[in-house]
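Asker: One structure follows; several queries about it will come next.
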Amino acid sequence: MSDDNPERHHGPELWTERQATEYLRLRWTGRDATRAALKAGVAGAPIRVRNALLYRADEVRAALDRTAHPCEIAARVDRPVFVARMAPREADPESSWRTWRGADVLAPRNEQVDAARAWWHLGDRLYALVRALASAKGMPFVVNCGGIVVLGAEIVGMDRELEAEGMAISRARRDQASSRQPYTRLASAFVLREPGPWFEGQYGRRWKTGAGGPFRVVGR
């Protein structure tokens, strides 16, 4: 009796990191941005073979399919959105409360939240805005890695338990700043809750926020 299932004999179709990157660049433009999103897990966990990383072709195709429609978050909410632009997961050995920071969609949800909620260096006006929105009705919080939406949440406050650590981080930056350009930002850690309906169906979509620093506040 013949077996018509090719995967039973040959396994899933696998692509090299280079093949996956080039395929995703059919819609994404930057090679570095595409690789960052891959490393964050948007196309699943890679299989390491010797010195190479291999990706399941079906998961790479699915990742591209999710970017077919533009992100709708900014149009769905009547509040400013805090867009955190993060690199893929990296160790955070100096932290007293987490082991890594950045973006990793394959990690447990609670770890992803801890990795993203600090540290955000806010000026006085933005700090006041975030705190006011958080206490009133929550501020949408979106993590973007390589131009792809990888996490959604809502800011509902500032973490007072980490306030002393944030002040120490700010103080260290202030000591390193020049007298001509004094450092006045406060390192903040957010308290996050699950996102509202505005995030439904938005994971994996492409959201280009333009050039800039580690975060942007977008929308009304």
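The values are calculated or read from the model by the stated rules, or taken from the named source; none is laboratory data. Nothing here was measured: the structure is a model prediction, and the numbers come from that model. Neighbour counts are summed over all protein chains in view; Cβ atoms, including those assigned to glycine, are modelled from backbone coordinates with ideal geometry. Side chains are part of the model used for accessible areas, which takes the heavy atoms of the whole protein and leaves out ligands, DNA and RNA. Shrake-Rupley method; radii C 1.70, N 1.55, O 1.52, S 1.80 Å.
Asker: Per residue, how much accessible surface does the chain expose to a 1.4 Å probe? Answer in Å², no decimals.
Answerer: 57 Å²
Asker: Over all directions, what mean area does the Cα convex hull of the chain project, stated in square nanometres?
Answerer: Mean projected area for the chain: 15.7 nm², to one decimal.
Asker: In percent, how large is the relative contact order of the chain, given Cα pairs closer than 8 Å and 6 or more residues apart?
Answerer: 24 percent
Asker: At R0 = 30 Å, how high is the FRET efficiency between residue 22 and residue 95 if r is their beta carbon distance? Nearest 0.05 is fine.
Answerer: Numbers: r = 36 Å, r/R0 = 1.20.
My answer for the efficiency is 0.25.
Asker: At a Förster distance of 30 Å, what's the computed FRET efficiency of residue 75 paired with residue 124, Cβ-Cβ distance as r, to 0.05?
Answerer: 0.55
Asker: Here is a follow-up. Give the peptides 197-204, 117-124, 36-43 in descending order of average Cβ contacts within 10 Å, highest first.
Answerer: 36-43, 117-124, 197-204
Asker: Please provide three numbers in whole Å: the alpha-carbon extents of the stretch 10-68 along the principal axes, with the largest listed first.
Answerer: The Cα atoms of the stretch 10-68 stretch 29, 21, 16 Å along the principal axes, largest first.
Asker: Go through 69-77, 83-91 and give me the packing order, highest mean Cβ count within 10 Å leading.
Answerer: So the order, starting with the most tightly packed, is 83-91, 69-77.
Asker: Can you tell me the 0 to 90 degree angle between the C-alpha axis of helix 163-176 and the longest principal axis of the chain, rounded to 10?
Answerer: That works out to roughly 80 degrees.
Asker: Can you send over the carbon and sulfur percentage of the accessible area for the chain, probe radius 1.4 Å, protein chains only?
Answerer: Reported share for carbon and sulfur atoms: 49 percent.
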